[in-house]
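Comments concern the structure below.
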Ligand SMILES: C[S@@+](CC[C@H](N)C(=O)[O-])C[C@H]1O[C@@H](n2cnc3c(N)ncnc32)[C@H](O)[C@@H]1O
């Protein structure tokens with residue numbers, strides 16, 4: 001299995017060797033050993049690889065490696081350019097023995113997702129006419145040739161390509177903006193606890209959630225899709241300094257009022273999780289719960305945003321309804337599969353089980369919801385560079401009203417706790 005993750009310092013000696021491996025046409029030797037002999041210094045022609053943490057990551061770019069069976073088998077990165085909307089794609093390499101297995105595609109997906117999640121609108125790269133396989137690879141990914149460069153001393157022609165990242169983002173935002181209108185309509189009808197509840201020390205969190213984040217004093221927490229802020233205030237009462245973000249400005253207004261009335265260490269920002277203000281970063285903890293994943297048209301981009309906004313050593317905690325619960329509808333005569341468990345980025349149809357629609361909504365309130373298999377959630381977070389520390393599924397019989405004892409035998413929730421190294 002191939003995993004794409006963010007580069008780590010221990011990777012450098014292998015990356016240095018991979019960067020200078022002959023990789024063009026017939027010189028790409030498929031018999032090269034997969035555990036590459038390491039190099040003890042960066043190649044002269046790629047001085048930026050000596051310390052990509054400052055030359056690439058430190059200037060707003062990112063660098064990814066592909067790992068297969070514990071060995072590094074590919075790499076790719078990107079770095080901002082003087083053009084504010086554009087990043088340059090750098091050092092794309094796949095081990096010659098492992099070509100044509102989708103590793104390059106996965107690396108380029110990480111690059112494009114990472115660049116788009118930082119607000120860049122296009123990726124730019126160059127390859128050359130003596131690398132026809134690379135040219136058709138990039139063209140297959142939607143790269144458009146924009147210019148060529150020749151020099152008397154070259155036996156090849158350099159070819160420049162650009163790809164617009166915006167279409168994928170436009171699609172994502174079309175869904176989230178349309179959902180935002182519906183969230184604003186139903187926000188006032190959604191249940192919340194009054195300020196006295198919190199003033200008396202009440203908490204809306206489940207005990208197990210609090211147990212998963214025991215040490216919060218002095219920690220900065222970002223709560224994604226915080227709704228009317230009850231959980232955010234509960235975390236603040238446990239010692240965290242909380243910033244809640246939600247796409248619904250109506251919900252954010254209630255949350256801000258609740259923070260004022262409870263004097264909790266919490267502040268709230270109305271923003272789409274896909275377009276959060278740049279200053280919301282370097283958090284010790286990011287938390288999201290109970291009905292967030294199903295509103296995400298693009299899971300990889302969301303995972304990348306989480307990694308970008310966490311500080312190194314920070315923790316992400318997701319406590320979520322199980323997609324199996326979203327799929328199964330309990331009917332008087334049995335259980336019905338109401339939507340596709342593998343729906344992923346395709347919005348569910350209007351047959352979506354009414355019992356699973358947001359509290360406060362009516363059958364007329366239009367929402368675009370997405371069912372993401374649990375394995376996709378785990379893999380997106382891992383691909384973005386998080387280390388999964390806890391992952392469990394559990395029943396919650398009260399969520400399957402009408403299923404009686406059988407409700408103990410199907411998953412209702414899942415929890416992922418992960419760390420950014
Ligand atoms: C079911 S609620 C989440 C439950 C929340 N944890 C709570 O305790 O109430 C879903 C929330 O996600 C928010 N939301 C949906 N899409 C979002 C997006 N793209 N960015 C930010 N918030 C979003 C909605 O406005 C809504 O408040």
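Only the coordinates and a few stated rules stand behind these numbers; no lab work does. None of these values were measured; they are calculated from a predicted model. Cβ atoms come from the backbone with ideal geometry, glycine included; neighbour counts cover every protein chain shown.
Using a Gaussian network for the chain with springs between C-alpha atoms less than 10 Å apart, which of these wobbles most: 157, 172, 338?
Highest fluctuation among the options: 157.
For a bin width of 5 Å, list the pair-distance distribution of segment 301-411 built from all Cα-Cα distances, rounded to whole %.
Over segment 301-411, the share of Cα pairs per 5 Å bin runs 2, 10, 18, 19, 18, 15, 10, 5, 2, 0, 0 percent.
Let me see the P(r) profile for segment 194-420: every Cα-Cα distance counted, bins of 5 Å, each bin given as a percent of all pairs.
Final binned percentages: 1, 7, 14, 18, 19, 17, 13, 8, 3, 0, 0.
State the Kirkwood hydrodynamic radius of segment 2-164 in Å, one decimal place, computed from all pairs of distinct Cα atoms.
Roughly 16.2 Å, rounded to one decimal.
Based on the mean of other Cβ atoms within 10 Å per residue, sort peptides 1-12, 200-211, 283-294, 58-69 so the most packed one is first. Please report the intermediate quantities before stating the final value.
Working: 1-12: 15.7, 200-211: 13.6, 283-294: 21.5, 58-69: 19.0.
For the peptides 1-12, 200-211, 283-294, 58-69, the packing ranking is 283-294, 58-69, 1-12, 200-211.
Which FRET efficiency value, to the nearest 0.05, is calculated for residue 208 and residue 145 with the Förster distance at 60 angstrom and r the Cβ-Cβ distance? Please list the in-between numbers first.
On the way: r = 54 Å, r/R0 = 0.90.
E(calc), rounded to 0.05, equals 0.65.
Most fluctuating residue of 183, 16, 235 in a GNM of the chain with Cα springs under 10 Å: which is it?
Checking each option, the largest mean-square fluctuation is seen for 16.
Using Cα atoms only, what is the angle between the long axis of helix 103-117 and the major principal axis of the chain, expressed in degrees (0 to 90) to the nearest 10?
Approximately 60 degrees, to the nearest 10.
Efficiency by 1/(1 + (r/R0)^6): what FRET value for residue 174 and residue 41, r their Cβ-Cβ distance, R0 = 60 Å, to the nearest 0.05? Show your work: numbers first, answer last.
Details: r = 48 Å, r/R0 = 0.80.
My answer for the efficiency is 0.80.
Order of 40, 319 from fewest to most other C-beta atoms within 10 Å? Intermediate values should be presented prior to the final figure.
Numbers: 40 8, 319 20.
Fewest to most other Cβ atoms nearby, the residues stand as 40, 319.
For segment 194-420, what relative contact order do you get, as a whole percent, if you take Cα pairs closer than 8 Å and at least 6 residues apart?
Working: 437 pairs, mean separation 38.8, N = 227.
Reported relative contact order: 17 percent.
Where a ≥ b ≥ c are the square roots of the eigenvalues of the C-alpha gyration tensor, would you call segment 345-399 rounded, which needs a/c under 1.5, or, failing that, prolate if a/b is larger than b/c, or oblate? Intermediate results must be reported in sequence, preceding the final value.
On the way: a/c = 3.10, a/b = 1.70, b/c = 1.83.
Oblate shape, in that a/c is at least 1.5 and b/c is the bigger or equal ratio.
Just order 407-415, 108-116, 376-384 by mean Cβ neighbour count inside 10 Å, highest at the front, would you?
On the way: 407-415: 17.0, 108-116: 24.3, 376-384: 21.2.
Descending mean neighbour count gives 108-116, 376-384, 407-415.
Sorted from largest down, give the three principal axis spans of the alpha carbons of the chain, whole angstrom values.
76, 50, 37
Rounded to the nearest 5, what is the percent of antiparallel bridges among the DSSP beta bridges in the chain? It would help to have the intermediate numbers written out before the result.
Values: 49 of 71 bridges.
Just about 70 percent of them are antiparallel.
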